[in-house]
Structure formats: structure tokens, C-alpha cells
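See below for the structure under consideration.
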Amino acid sequence: MIICSCNVISDYDIRRTVDELRQKNPRLTITTDLIFKSLGRQMKCGTCILGITKVIEEQAAQLS
Ligand code: FES
């Protein structure tokens, strides 16, 4: 499912990025800015912030 329509970022992209970042540094605080940066994208309208945050939290909960 597309979470960020401006950048065509899906929930899968976010989950995969969270996993990769956590593998590199388990203590890292993962933010929406970090997700955009890791995917080589920039936030545009910001409508997706809550959706991205929700996916980050869901994925982080699965890993803990
Ligand atoms: S929907 Fe993500 S920046 Fe616009």
C-alpha cells in the first residue's frame, strides 16, 4: 500500500528500511526524516507523516 503518494513510498519500503536500519544499529531512533533520507527522497507535502510513523511503530514493535 502506498503511504507517501508524493514519493511513491509503500509500507513495504518503510518496513524494509526500518529492518535495515535496525540491523545496522539496534539502538537507532528511527524517524520519518531518517526514512526519507535512507530512501533518497525528500518530504514534500507532509500528509504522510502520521502514516509513516504508524508503520515505523508497527515494525519496531515486531522487532522488539
Ligand atoms: S504524501 Fe508524503 S510527502 Fe506528500
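The values are calculated or read from the model by the stated rules, or taken from the named source; none is laboratory data. What you see is a predicted model; the values in this text were computed from it and never measured. Ideal geometry is used to build each Cβ from the backbone, glycine not excepted, and the neighbour counts take in all protein chains shown.
Summary table below
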{"item": "Residues within the stretch 52-64 that are within 11 Å of the ligand (Cβ to nearest atom) and more than 19 Å from residue 1 (Cβ to Cβ), tallied", "result": "0"}
{"item": "Residue match in the stretch 26-42 (condition: touching a residue at least 12 places away in the same chain (Cβ under 8 Å), in contact with a Phe, Trp or Tyr (Cβ under 7 Å, 6 or more places away or on another chain) and within 13 Å of the ligand (Cβ to nearest atom))", "result": "yes"}
{"item": "Check on residue 15, modelled with pLDDT under 95 and away from the ligand (no atom under 13 Å from the Cβ)", "result": "no"}
{"item": "Lone unmet requirement of (1) free of Cβ contacts under 8 Å to residues at least 24 places away in the same chain; (2) away from the ligand (no atom under 12 Å from the Cβ) for residue 49", "result": "(2)"}
